[in-house]
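Worksheet for the structure shown next.
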């Protein structure tokens, strides 16, 4: 239940920050927070990471929904692994945050701009952190044992 509330909080925070930025800035407008290092910049990304495959809205929606279904089943199978459980929760939260944008707008609202990396958002950060937690368990716990257990069933 804690993970459900964490996911809800993350999705809400992601959507709220995107809403505030989108309603406060014009497309491409940038506000320096730490000049030359960190800005809030409004970008509407119709593609994937780094803007790849721009305008692949329906492709990304379908891929995200399929990934969410797979993650649902992974959560059931790996529920006893603490970092995997947290990782999957974070991945799902980030995926849902960006999925909501794609469904509603046809693009993802990005605004975190460190000037040396493409502009991103909270959902992107959470998704990456989730992958790190999941991979940590994968590497340290030897998932090959878990996969073997699943194959035997």
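Here are some notes:
- Between helix 57-77 and the chain: long-axis angle, C-alpha atoms, 0 to 90°, nearest 10: 30
- Helix 122-141 and the long axis of the chain differ in direction by around 20°, with both axes built from C-alpha atoms.
- Residue 114-residue 61 FRET efficiency (beta carbon distance; Förster radius 25 Å; 0.05 resolution): 0.35
- Mean separation of Cα contacts under 8 Å (6+ apart) over length of segment 2-152, as relative contact order %: 29
- Extension gain, residue 69 back to residue 5 (0.36 nm per residue minus Cα-Cα distance, nm): 21.1 nm
- Full extension of the segment from residue 36 to residue 132, taken as 0.36 nm per residue of separation minus the current Cα-Cα distance, would add 31.7 nm.
- The chain: calculated mean residue ellipticity at 222 nm from DSSP helix runs of at least 4, using -39500 (n - 2.57): -22000 deg cm²/dmol
- The long axis of helix 82-105 is offset from the longest Cα principal axis of the chain by roughly 40 degrees.
- Here the calculated FRET efficiency for residue 125 and residue 23, from their Cβ-Cβ distance with R0 = 22 Å, stands at 0.55, rounded to the nearest 0.05.
- Volume in Å³ per residue [convex hull over Cα atoms, computed for segment 1-116]: 121
Here, each number is a calculation from the coordinates, and none is a lab measurement. Just so you know, these numbers come straight off a predicted model, no measurement behind them. Cβ coordinates were reconstructed from backbone atoms using ideal geometry, including for glycine residues, and neighbour counts include every protein chain displayed.
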